[in-house]
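Notes follow once the structure below has been shown.
The values are calculated or read from the model by the stated rules, or taken from the named source; none is laboratory data. Remember, predicted model here, so these are calculated numbers, not experimental data. All Cβ positions, even for glycine, are placed from backbone atoms using ideal geometry, and neighbour counts span all protein chains on display.
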Ligand SMILES: [Zn+2]
């Protein structure tokens, strides 16, 4: 069983040109194309104009190109090629000026006003540009690295090691209570440390080295809540480049009910009936797979 297609940030509609982006002439030709757009970003933020609209730049934006160096190639869609330009080396006023923007904005805060392909392209741009900023030196020998392949590889000038954009997998799970005759179905939601009162969420955590996704679900749920989990079934995945994740979503069946929160990551955890979970989910941000995991269970 898979849940909803087209999760937020998943469908950029971009052909990433994986087999061609190593060709510098092809990339330069696209970058000069009339219909090409360049997404400017500054230190993880989008740039917006006075009307609150996203600022996209044309390929003849000489000041922008002079400031950012070679933009990263995201892909080609029906309207033309899309690149992303990192202005993080500049201070904020200078970044706004070269991009013709008036303010910076958090992209998740803009989500409700974005088309699905634009939201996905922005998330992709944000994750890729962040990776470049954080991989300027080789982790093996410490020498500088240089971008290539349209911004999808870096190579070390010292030892020649190739670096590829790094993705950190995380699991997120809706845990259901052991069925009990005569009792309503329930799911396990938790409030994370520092979250506002009433902000209950599904459980999530990073996958560790040498661990399957399913075992990561079982471990995280037990570590954080003391609940033991049996059957785990995959529901779908969502890019989560904030800064470098991918979320693998699961439904998990609890074997035990007793809750013992770890007190480190979680403040509290509780079993919710459908009505209670519906009320808790209503006030949350709806751009994450979490919302769909909960909604999928609510509509059963
Ligand atoms: Zn090296």
Set 167, 172: member being away from the ligand (no atom under 16 Å from the Cβ), touching a residue at least 40 places away in the same chain (Cβ under 8 Å) and surrounded by fewer than 17 Cβ atoms within 10 Å (Cβ to Cβ): 167
First in segment 137-159 and within 23 Å of residue 74 (Cα to Cα), second anywhere and more than 11 Å from the ligand (Cβ to nearest atom) and part of a helix (DSSP H, G or I), Cβ under 7 Å, 6 or more apart: 147/132; 150/27; 151/128; 151/132
Residue that is within 16 Å of the ligand (Cβ to nearest atom) and surrounded by 12 or more Cβ atoms within 10 Å (Cβ to Cβ), where the choices are 134, 157: 157
Residue, surrounded by the fewest Cβ atoms within 10 Å (Cβ to Cβ), within segment 280-292, restricted to residues that are out of contact with any helix residue (DSSP H, G or I) (no Cβ under 7 Å at 6 or more places or on another chain) and over 19 Å from residue 119 (Cβ atoms): 282
Residue count, segment 82-113 (criterion: loosely packed, with under 15 Cβ neighbours inside 10 Å and within 19 Å of the chain's Cα centre (by Cα)): 4
Residue in segment 116-126 that is assigned by TED's automatic domain parsing to the domain that holds residue 30, farther than 18 Å from residue 16 by Cβ and more than 15 Å from the ligand (Cβ to nearest atom) present: no
Residue ID - nearest to the ligand (Cβ to nearest atom), chosen from residues in segment 175-188 that are surrounded by fewer than 19 Cβ atoms within 10 Å (Cβ to Cβ) and either closer than 23 Å to residue 214 by Cβ or modelled with pLDDT of 95 or more (or both): 178
Per-region count, segment 231-279, residues in contact with a helix residue (DSSP H, G or I) (Cβ under 8 Å, 6 or more places away or on another chain), surrounded by fewer than 15 Cβ atoms within 10 Å (Cβ to Cβ) and assigned to a strand (DSSP E or B): 0
